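Participant: This is the structure, below, for whatever I ask next.
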Amino acid sequence: MDRPAAPPSLREHALAIIRDAIATGELDEERIYSAAGLAKQLGISLSPVREAMMALVTEGTVEAVPNRGFRLVPVTEADLEEIIRIRVLLAVPAVRELCRQLRSAGSDGGTPDAGDPEIAGTPEAGDPEIAGTGPAGEAADPDTAHPDTAHPDTAHPDTAHPDIGDRMRQLREHAEATVAAAEAGDIVGFYTHDRRFHESLLAFGLGSRAAEISLRLRDQSRIGGQAPVGGVAVEDIAVTSAKELIDIVDLIETGADDEVAELVTRNLYFFRRTEA
């Protein structure tokens with residue numbers, strides 16, 4: 001029997017607000033924040049803020065400064081590149097798996113070959129969608145990068161998820177909400193809905209652990225604080241990036257594995273754009 005989802009706790013509410021503030025660059029990397037000062041700045045209660053900040057300390061997004069408060073952990077260009085590459089190693093198998101689930105749902109009950117790298121979620125190291133994702137040009141071992149996909153017999157069932165249609169509708173709704181926020185110039189809303197899209201994409205394709213890993217890395221990257229290259233306005237890049245989410249859903253639904261793997265990789269390199 002399905003149980004209704006529990007409403008978010010005050011801690012979860014505070015954590016969501018703080019994550020948005022970090023993502024959009026509202027919180028300064030050079031500044032130390034007291035829990036009380038942060039609660040006042042964000043307009044939320046002190047106790048949930050303190051609990052939320054301790055959760056972010058555990059995640060590695062912020063660090064505690066004894067007797068003073070909290071500050072964001074600095075992120076270098078090398079850190080950002082590493083973070084995005086790991087997220088790509090998760091996102092590419094996730095979109096391929098969703099393509100597989102839809103093919104399975106539309107078939108006559110045939111069982112996919114578990115040895116197919118597109119099904120197992122572990123593309124070969126030479127796969128251009130993985131190996132060519134960044135300047136370093138080297139791909140990590142997928143089995144060690146995301147152990148949830150190391151055993152296709154358990155991580156990827158032979159039949160499509162019974163709710164695959166509902167899941168695709170949810171992804172499209174998140175994508176459309178992201179586009180609406182970006183086109184309205186609501187950058188906070190854009191980051192919020194973009195986060196929900198990628199969370200759902202990973203959860204539906206690989207599972208909740210993969211989604212948690214990717215989101216934790218996303219929060220550490222503080223994409224809102226990264227200046228786009230080429231002098232392109234953030235608002236313009238946001239609209240382009242948001243529309244790519246619609247395209248990602250379309251490509252999954254048409255079973256275009258290679259094309260969607262390439263697009264989700266491009267989408268994750270959000271601030272490496274030279275044109276909108």
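The values are calculated or read from the model by the stated rules, or taken from the named source; none is laboratory data. In this text, all values refer to a predicted model and were calculated from it rather than measured experimentally. We place every Cβ from the backbone using ideal geometry, glycine too, and count neighbours over all the protein chains shown.
Participant: One residue is enough: does segment 89-100 have a residue meeting the conditions more than 17 Å from the chain's Cα centre (by Cα), outside any loop (DSSP other than H, G, I, E, B), in the same structural domain as Ala211 (by TED's automatic domain parsing) and at pLDDT 95 or above?
Facilitator: Yes, there is a match, as at least one residue in segment 89-100 is more than 17 Å from the chain's Cα centre (by Cα), outside any loop (DSSP other than H, G, I, E, B), in the same structural domain as Ala211 (by TED's automatic domain parsing) and at pLDDT 95 or above.
Participant: Those residues that are buried (at least 20 other Cβ atoms within 10 Å of the Cβ) and either part of a helix (DSSP H, G or I) or free of Cβ contacts under 8 Å to residues at least 60 places away in the same chain (or both), I need them from segment 67-79; list them, please.
Facilitator: Answer for segment 67-79, where residues must be buried (at least 20 other Cβ atoms within 10 Å of the Cβ) and either part of a helix (DSSP H, G or I) or free of Cβ contacts under 8 Å to residues at least 60 places away in the same chain (or both): just Phe70.
Participant: Follow-up. Scan segment 39-54 and report the pairs whose first residue is free of Cβ contacts under 8 Å to residues at least 40 places away in the same chain and whose second residue is surrounded by 14 or more Cβ atoms within 10 Å (Cβ to Cβ) and of a type in the set (Lys, Arg), with Cβ atoms within less than 7 Å and a gap of 6+ or a chain change.
Facilitator: Pro48/Arg11
Conditions (1) of a type in the set (A, V, I, L, M); (2) at pLDDT below 95; (3) within 17 Å of Gln101 (Cβ to Cβ), marked per residue:
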{"site": "Asp163", "(1), (2), (3)": "no, yes, yes"}
{"site": "Met168", "(1), (2), (3)": "yes, no, yes"}
{"site": "Arg218", "(1), (2), (3)": "no, yes, no"}
{"site": "Arg222", "(1), (2), (3)": "no, yes, no"}
{"site": "Gly225", "(1), (2), (3)": "no, yes, no"}
{"site": "Ala238", "(1), (2), (3)": "yes, yes, no"}
{"site": "Leu245", "(1), (2), (3)": "yes, no, no"}
{"site": "Phe270", "(1), (2), (3)": "no, yes, no"}
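Participant: I would also like to ask the following. Whether any residue in segment 23-31 is on the phi > 0 side of the Ramachandran plot and at pLDDT 90 or above is what I want to check.
Facilitator: The answer is no; no qualifying residue exists.
Participant: Answer yes or no as to whether Ala35 is touching a residue at least 12 places away in the same chain (Cβ under 8 Å), farther than 18 Å from Asp219 by Cβ and either of a type in the set (A, V, I, L, M) or surrounded by 14 or more Cβ atoms within 10 Å (Cβ to Cβ) (or both).
Facilitator: Here the answer is yes, as Ala35 does meet what is asked.
Participant: Also: Looking at Gly185, is it assigned to a loop (DSSP other than H, G, I, E, B), modelled with pLDDT of 95 or more and either more than 27 Å from Asp79 (Cβ to Cβ) or in contact with a strand residue (DSSP E or B) (Cβ under 7 Å, 6 or more places away or on another chain) (or both)?
Facilitator: So Gly185 fails the test.
Participant: From the list Glu82, Glu51, Glu59, Glu30, exactly one residue is out of contact with any Lys or Arg (no Cβ under 9 Å at 6 or more places or on another chain) and either among the acidic types (Asp, Glu) or in the same structural domain as Ile187 (by TED's automatic domain parsing) (or both). Which is it?
Facilitator: Of Glu82, Glu51, Glu59, Glu30, the one residue that is out of contact with any Lys or Arg (no Cβ under 9 Å at 6 or more places or on another chain) and either among the acidic types (Asp, Glu) or in the same structural domain as Ile187 (by TED's automatic domain parsing) (or both) is Glu82.
Participant: For segment 15-54, enumerate the residues that are aliphatic (A, V, I, L, M) and farther than 22 Å from Thr192 by Cα.
Facilitator: Of everything in segment 15-54, those that are aliphatic (A, V, I, L, M) and farther than 22 Å from Thr192 by Cα turn out to be Ile32, Ala35, Ala36, Leu46.
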